[in-house]
1. Just how far, in whole angstrom, is region A:76-150 from region B:185-238 if you go by their alpha carbon centroids?
2. Provide the buried accessible surface between chains B and A in square angstrom, both chains summed, 1.4 Å probe, rounded to the nearest 100.
3. Using only the Cα atoms of region B:164-204, build the gyration tensor, take square roots of its eigenvalues as a ≥ b ≥ c, and label the shape rounded, prolate or oblate: rounded if a/c is under 1.5, else prolate if a/b is larger than b/c, else oblate.
4. Counting pairs of Cα atoms in region B:3-77, how many percent are more than 15 Å apart?
5. So what is Rg over Rh here for region A:81-164, counting just Cα atoms and using Kirkwood for Rh?
6. Which percent, nearest 5, of DSSP beta bridges in chain B are antiparallel?
7. I want the antiparallel fraction of DSSP beta bridges within the protein assembly as shown, as a percent rounded to 5.
8. Find, among the trypsin sites (Lys or Arg not before Pro) in region B:513-565, those assigned to loop by DSSP (not H, G, I, E, B) with at most 15 other beta-carbon atoms within 10 angstrom.
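The values are calculated or read from the model by the stated rules, or taken from the named source; none is laboratory data. Fair warning: this is a prediction, and the values are worked out from it, not measured in the lab. No Cβ is skipped: glycine too gets one built from the backbone with ideal geometry, and neighbour counts run over all protein chains shown. We work out accessible area using only protein heavy atoms, side chains counted, and drop any ligands, DNA or RNA first. Shrake-Rupley method; radii C 1.70, N 1.55, O 1.52, S 1.80 Å.
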Amino acid sequence: MSAESNQHLDSETIAFMDACLQKEHPKSYLIAVLHKIQQRYGYLSQAHMDQVAQHMQIPTSIISGVSTFYHFFRLQPRGKFSISICLGTACFVKGADKVLDAFRTELGIELGETTPDGLFSLESSRCLGVCALAPVVTINDKIYSKVTAKQVPELLNSVKAAAID
Amino acid sequence: MKEINLTIDDQALSVSQDTTILQAAEKLGIKIPRLCYHPDLSIEGACRICIVEVDGSRNFVPSCATPVREGMRVRTNSPEIRQARRDLIELILDNHPRECQICERDGNCELQNLAYAMGVRDRLFEGKRKRHEIEKSSLAVIRDAEKCILCRRCVRVCAEVQGVTNLSQLYRGVETVVAPAYEQGMADSVCIACGQCINVCPVAAFLENNSTDRVWAALADPSKHVVAQIAPSIRAAIGEGFGLAPGTPMTGQTVTALHRLGFEAVFDTNFGADLTIVEEANELIKRLEKNDRLPLLTSCSSGWIKFMEHFYPEMIPFASTCRSPMSMLSVLLKTYYAEKTGRNAKDIFVVAIMPCTAKKFEAERSEHCSADGYPYTDAVLTTREFIWMIKSYGINFTMLPEGEFDAPLGFSTGAADLFGTTGGVMEAALRTAAEKLTGKPLTELNFDQVREVKGLKEASIEIAGRTLNVAVANGLNNAKTILERVKKGEKTYHLIELMACPGGCIAGGGQPYPPDNHYVLDPEIARLRAKALYRIDEAKAIRVAHRNPFIEKLYQDYLEQPGSHRAHELLHTTYTPREPRGIK
Ligand code: SF4
Ligand code: SF4
Ligand code: SF4
Ligand code: FES
């Protein structure tokens, strides 16, 4: 995916922007356009936002303002391992916030960010419906149950080790 | 418009219905404290310092954002309001560095003044506050987000006056920061280096990239021959730094101050301005003859030139190729003057005192460096930096005797003085073009049609049996308006003067912060400074650029004739489209 981000936006996104430009307040569709790009590419790259700026004639400072204001926009590609911590009520009560803190310190990144080596990214999710297993962490498609803050370093090491094999 | 009756602090008045409480109070001589408000920008309502009590309202209301209503009863002062305002200021200060004594804005900081006026006498909070590195990538404008109080005046001036929209508020909550897109460096952004964000910032979150250290070092270096040149608009504004009223001309004192600081010779950018006019009028006449690349766009404003390169690269062929007066004079200092005085150009250190931050950028452009790489202008100081140097040196500026510029590059005509104000370059060019086209001296030298301090002016002027359509734009949103008209072919223009700053160089991004009874970018200050320049022009014996005897001699000795190969080599320049491309 990330290689694609340096390329031009795909024709579907361009067609979508063109359709927005036909509407009454074209600039008010900026958020919709950014959503579309995130769906397609997984995040908003600077190159893509630059293209939106030129295509829709909206200054990059404004696009940058919008994309950093809303938490749901990702500004970096997901890591090879996408870590998601459930912050639903059950998980939270059982200490998911402490688990999140442990991931943040271990990886040195915040929610929505990716480690510089591109290996890990961190995000939160809402209730996954497996509250009996709380607190729940998923790494890519794998579910880890009853995770404690203490287990976090070990967990990361094992994922890393598996990746090297 | 409907008149509304209300009372403010028990005084009755009537005002038109589009007035805000804050504006109505000003009519009664009540200045409600404010921070984010600026009379010529859109209303932000961000700081809430301007809160007042309105009968019937449960909460305090922000007076800058609240229109008057019939029968309204407003109270601007009560112990509760005063306490609330103090609390708001304290909240800002809690998240602000404690370094007034070592801060560039010490003594003219709106936050500092407000804190004192609101009665804040303690700084209790010792907790965590936001941390940011100072962003120094730009040669012109640096950004210190740690001091930013998020009033967004800079965001508004950059978008609403300059049409650049380089700045915006990024992230949210405690992480909020005002910066260019992607938080990139100012040098990598569409910033045109005009410095208007510095002017409107109430604190020291935007500043010029300071060059005083380099100048002190050069002055102390015996191997350097350090010379100065001062821009036309400096003489009309510098006095404000020493408590004089805006528009008090201080030309002679400025020359003396420069000598006292150790400059070996003091020249006048005005000489460069006269020369610019001779070359530019020649360019205009040639293009008129061939009906080629019209309108001619003036090129002396470095902020406008950078704007053209980012936003209107398609207009580059229309721009005059003349270097700015500063750069013309600097080139002559390192060629003509060096040869005449038997010096090596490398030993001459040229300091330009400018109203402008964009000139710092211009000075470092490769186009304004010699073939072997040294810059023609070694350092650019803003009016503010220069005022500071004078104070720092212990010079009592207002008591100084009047000095004289060094000859011959210090002699100028009245036309040159006009360069400092909007419409001035146009008027100077028209004087010379008219005399050259008719072959006769003008009887009336003043072109009142282009004189007002106003964003956009148009006039049609009869010269030698033809009508010249001219336009004058300052503040780059106005430049956009006029350039769009040109591009759409709505009207045929022959000459357009463009200046980046609102009012021209007299309101440049490097000029003094306003005195107490004015607000920043108050057009009234610009008017007073412009008036001073018009008075200087009127008082001069020679008021047409090409009749400057030293310019005539310069062509005979050195440059052959206007537009000659030699003149092109030394006095003209080129432009390049720039990334990132701006959004019109
Ligand atoms: S910006 Fe103003 S309040 Fe802040 S440190 Fe400087 S002088 Fe003090
Ligand atoms: S210097 Fe001018 S263009 Fe650059 S950010 Fe400031 S106001 Fe905008
Ligand atoms: S940089 Fe200055 S003008 Fe801009 S928001 Fe911050 S305090 Fe206000
Ligand atoms: S001055 Fe009114 S809200 Fe800031």
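1. Between the Cα centre of region B:185-238 and that of region A:76-150, the gap is 50 Å.
2. Working: alone 23670 and 9570 Å², together 31900 Å².
Adding both sides of the contact gives about 1300 Å².
3. Working: a/c = 2.39, a/b = 1.23, b/c = 1.94.
It comes out oblate by the Cα gyration axes.
4. Numbers: 1310 of 2775 pairs.
For region B:3-77, the fraction of Cα-Cα distances above 15 Å is 47 percent.
5. Working: Rg = 11.8 Å, Rh = 12.6 Å.
Rounded to two decimals, Rg/Rh equals 0.94.
6. Details: 29 of 54 bridges.
Expressed as a percentage, antiparallel bridges in chain B total about 55.
7. Values: 36 of 67 bridges.
Counting only bridges with both partners in the protein assembly as shown, antiparallel ones make up about 55 percent.
8. Values: sites: B:Arg527, B:Arg529, B:Lys531, B:Arg535, B:Lys540, B:Arg543, B:Arg547, B:Lys553; in loops: B:Lys540, B:Arg543.
Hits after loop and neighbour filter: B:Lys540.
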